[in-house]
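Here's the structure, in structure tokens; my notes come after.
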Amino acid sequence: MPSTPFSLRALQGFGALAVAMSLSAVVAPHAHGSTERLEADLRSLVSGQGEVEIGEVSSGVLRSQVAAQALEFRGEAGERLIIDRYVVNGDYDSPDEVILEGLRLEDELSELALVEIERIVLGEPSRAVFPLDGSLAPQDVSIATLAIDDVIFDFASELARELFDEADVDDTQARITIARVRGEGLSHAAIDRFEVADVSGVGESLGEFGAGSFTLASLVFEGLQGLDTEEQQRLDALVLSDLVIDAERLVGRLARLSVDGDMSDGEGGVVIDDFQADLARMIELAPEEERAQLRMASNVLTDGSGNLRIDAALLGNWEEGETQSLITSDSQVTVHDALRLGFDIELPVVLPEGISPAAVFADAEVLELATLLGGNLRLILNEEGLFGRMATLGAAMEGITESQYIEQARTQAEGFGMMFGPQVQQFLLGLVSLAEGTAEELEVALTLPAESNLETYTGDPLSLPERLEMRVETR
């Protein structure tokens, strides 16, 4: 009896060994071939224009896997790409995934890294190794999913100056980190979805922004098409969240930017939520000789707070009928503590054969081909302090009272009316009423003639008052 457990353990051990040996016998020939192919494909990446060293290439016993360790590619320009581990899982000709770990692209002389990436996972790529010599047809390049973790870009190296325009990176001491990149459905022609998350950067020179830093919570876009054909480019959706910039020439933040470019559902547009610019801080960083004028402009826009805030929604809708289509827009731009603009557009149109209303929003030039069957446009301007402050500033600069300044503006508006007609005069007098404080809202309504096109209005802008029915109201 005491020998029974020992016998069972022995049988289990021999059984496991037999299974392992059997699997090894089945997998080994195929895996051996894959290791040779992987090494050959990796060595071919330099194509005689550099050197490559590979520490070890091995295959997995209990799963279909082939891996290369300690790769180092050296280019003719002195660049060096190091990859700690390159793994191909699944059938080599149709991999389940390809994993790259510990990537580092550096300048061989200074050993400063331009790019460092902890891990890249390519899900269901069309190839185990993508050649870099252009021998692979674009349509043969595809990746089902993409995952990249912990990316660092450093533009202080000589390699950065060689790979990019020297004017863009000259004297640049910038470092950008990206925590996560995710992608789906990547090909030469389209990207189904792409996301970059937890991005931050700091530098002594960030191009036009100057020295400073920035953070970005996420940037996501979906349905990017036409990468290979400019005329067919389209982006279904883009969402940017929590962008914060603190630099010499821009200090501000944007809570959210969303773009709906999918025209197939009858609506689309752009929405900006809570854009803020710290004008007071930017003025402090501006050259001393420019600060006085900038401070005056800031006071007019922000009522002295120094914080400019903007929200906007530019939205479009369309309905396609049997004989004509209807394009509408309901948009609004708010500059807090300054003004609010509203736009309402309703345009019945006849589009050329084969052109859909969606195409008009995708390319505004298409509207030039349309026949406008009348239509209405309405602009509503709400005064929230801007025009009153402009009158105060104008009076101070001219050394007169505000009432004198208002009367002067009224006289000028009447003079322009004599030149361009009573409709223009009504509009300008409406602006004077906003500045004077006798009105809070100005509405301009335009009615288009029964049949026209854009050239009717763009060809001779000065004749617009005669061509349009215009109504101006103040409240």
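Structure summary
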item: Candidate set from the range 315-358 (those that are assigned to a loop (DSSP other than H, G, I, E, B), open to solvent by less than 50 Å² (accessible area, probe 1.4 Å) and of a type in the set (Gly, Ala, Ser)); member that is nearest to ALA445 (Cα to Cα); result: ALA338
item: Some residue of the range 261-268 being outside the structural domain of PHE387 (by the TED database), of a type in the set (Ser, Thr, Tyr) and farther than 20 Å from VAL196 by Cβ; result: yes
item: The lone exception for MET296 - which of (1) farther than 27 Å from GLN232 by Cα; (2) aliphatic (A, V, I, L, M); (3) open to solvent by less than 50 Å² (accessible area, probe 1.4 Å) it fails; result: (3)
item: Verdict on SER64 being closer than 21 Å to ALA40 by Cβ, in contact with a strand residue (DSSP E or B) (Cβ under 7 Å, 6 or more places away or on another chain) and open to solvent by 40 Å² or more (accessible area, probe 1.4 Å); result: yes
item: Those residues of the range 380-391 which are assigned to a helix (DSSP H, G or I) and open to solvent by less than 60 Å² (accessible area, probe 1.4 Å), in sequence order; result: LEU386, PHE387, GLY388, ARG389, ALA391
item: One residue from ASP107, ASP133 being in contact (Cβ under 8 Å) with a residue 40 or more places away in the chain, open to solvent by 40 Å² or more (accessible area, probe 1.4 Å) and of a type outside the set (Lys, Arg); result: ASP133
item: Residue within the range 425-432 that is open to solvent by less than 70 Å² (accessible area, probe 1.4 Å) and in a loop (DSSP other than H, G, I, E, B) present; result: no
item: Considering residues of the range 225-244 that are of a type in the set (A, V, I, L, M, F, W, C) and at pLDDT below 95 only, the residue surrounded by the fewest Cβ atoms within 10 Å (Cβ to Cβ); result: LEU227
item: Residue match in the range 265-275 (condition: assigned to a strand (DSSP E or B), open to solvent by less than 40 Å² (accessible area, probe 1.4 Å) and touching a Lys or Arg at 6+ places or on another chain (Cβ under 8 Å)); result: yes
item: Only one of VAL115, VAL52, VAL46 that is surrounded by 14 or more Cβ atoms within 10 Å (Cβ to Cβ) and within 22 Å of VAL151 (Cα to Cα); result: VAL115
item: Condition broken by ALA77, with the remaining ones in (1) free of Cβ contacts under 8 Å to residues at least 40 places away in the same chain; (2) surrounded by fewer than 16 Cβ atoms within 10 Å (Cβ to Cβ) satisfied; result: (1)
item: Sole residue being touching a strand residue (DSSP E or B) at 6+ places or on another chain (Cβ under 6 Å) and open to solvent by 70 Å² or more (accessible area, probe 1.4 Å), chosen from ASP93, ASP84; result: ASP84
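The values are calculated or read from the model by the stated rules, or taken from the named source; none is laboratory data. Predicted model only: the values in this text are computed from it and were never measured. Every residue, glycine as well, gets a Cβ built from its backbone with ideal geometry; the counts of neighbours run over all protein chains shown. In case anyone asks, the SASA skips ligands and DNA or RNA and just uses the protein heavy atoms, side chains included. Shrake-Rupley method; radii C 1.70, N 1.55, O 1.52, S 1.80 Å.
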